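Structure record follows, encoded as structure tokens.
The values are calculated or read from the model by the stated rules, or taken from the named source; none is laboratory data. All of these numbers come straight from a predicted model, not from anything done at the bench. When we count neighbours, we look across all protein chains shown, and the Cβ atoms used for this are built from the backbone with ideal geometry, even at glycine. Areas reflect the complete protein model, heavy atoms only, side chains present, ligands, DNA and RNA absent. Shrake-Rupley method; radii C 1.70, N 1.55, O 1.52, S 1.80 Å.
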Amino acid sequence: MHKAEKLSLEGMGLFVEASEEIRFESKNREQVYGWLERVLVEQEYAFQGKAARGLVRRYIEKMTGLSRAQVTRLIARYTATGGVKLTVYRRQRFPERFTRADIELLAAVDEAHETLSGPATRRVLEREVQVYGKQEYARLAGISVAHLYNLRKSQRYHERRLHYVKTRPTTVSIGERRKPDPQGQPGYLRLDTVHQGDQPEAKGVFHINAVDEVLQWQIVGATPRISEAYLKPVLEAMLRQFPFRIQGFHTDNGSEFINRTVAELLNKLLIEQTKSRPRQSGDNGLVETKNGAVIRKHIGYGYIDAGHADRINDFYREYLNPYLNYHRPCAQADVEIDERGRKRVRYKRYQTPLETLLALDEPAQYLRQGLSINALKRIAGALSDTDAARRMQQAKSKLFERLRLTA
């Protein structure tokens, strides 16, 4: 091939006719293009007549294995530019809006908050800029939920981020079987227990989960047993952590809550006690979702000895509960009733429980005596959402390290 361009036009014609059934093929396009350019220059293609040009074209097709259309395009390129060069293809790409540092920052936020849903994470990013003035979150604050999930699938994101036991109900004539109706007022709690597994020789710790139906204000506690003697002081401490007055206390039919001790405690505090109806799983659905989204997510499913209940309870009171209520956005339901009377529930608002409280009309009227709205705002403003999440994660790591050492 290197000497083929030295052939005369007569020689090219004889070669093409003699090798009618033969076709060559080359896989190195750069060499083929260089050879084709030399042939066109040697044969003075631009000054030849129509017949000679056709002969050169057929000769090139035979020697290179290129199609007629490909040869035509390459000759046209030679005619226009005086050469046949290999075109380096560059794929069209949209400009990248979010940098490598933004992806690492998103991974750090997800690590601190235990990977919240997309809308909740976007709300955290918005609050970091709007409420706490952290400009490093400015680009991420405007991200769409769909693209947030795209960034979570990226390689850099993954490089950066290195048994539930149901209580058995018993029938006791304490509490009224009905779904509570808070009428948009805070103070109506939903409660449930989460068991941290058993061992043949010992019981695991029990978590008590209490969630306000309207605000989703959440207080979590821990107890070594769910008997009446152990549960009463834990419930009293949990109720004191709510900043508003408690008016309703709703649970399933587990004997840990439906007993005389709890009933006397609630009667003393003038709190109405209700319990779930049969075959109505939605009566206590809110707190059931929080069991998985909060307790199981942060504590896991593995066995933890009941002797660690006090340490876990301290972690809840000092770190997890403040984070949940002042810094973790929750999806708030907007209920719409159409002309046919059908109820539609949409979750478009993501805000912290404190933001939901402040959005009520005259929120100060619901607070316990001695508390003020400004005091709650000061607590929320002491740390940003992600700083509070990191503080909580550090405390959790220390807690689990102590649990591991004593296991």
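Go through the residues of the stretch 338-348 one by one and say whether even a single one is open to solvent by less than 20 Å² (accessible area, probe 1.4 Å) and at pLDDT below 95. No, the stretch 338-348 has no match at all. Considering (1) closer than 22 Å to Gln183 by Cα; (2) surrounded by 11 or more Cβ atoms within 10 Å (Cβ to Cβ); (3) out of contact with any helix residue (DSSP H, G or I) (no Cβ under 8 Å at 6 or more places or on another chain), the lone condition that Phe400 does not fulfil carries the number (1).
Just one of (1) loosely packed, with under 13 Cβ neighbours inside 10 Å; (2) of a type outside the set (S, T, N, Q); (3) in contact with a strand residue (DSSP E or B) (Cβ under 6 Å, 6 or more places away or on another chain) fails for Ile312. It is (1). When residues in the stretch 137-148 are screened for being part of a helix (DSSP H, G or I) and exposed (fewer than 12 other Cβ atoms within 10 Å of the Cβ), 1 of them pass. Residues in the stretch 74-96 that are of a type outside the set (A, V, I, L, M) and surrounded by 10 or more Cβ atoms within 10 Å (Cβ to Cβ): Arg77, Tyr78, Thr79, Gly82, Gly83, Lys85.
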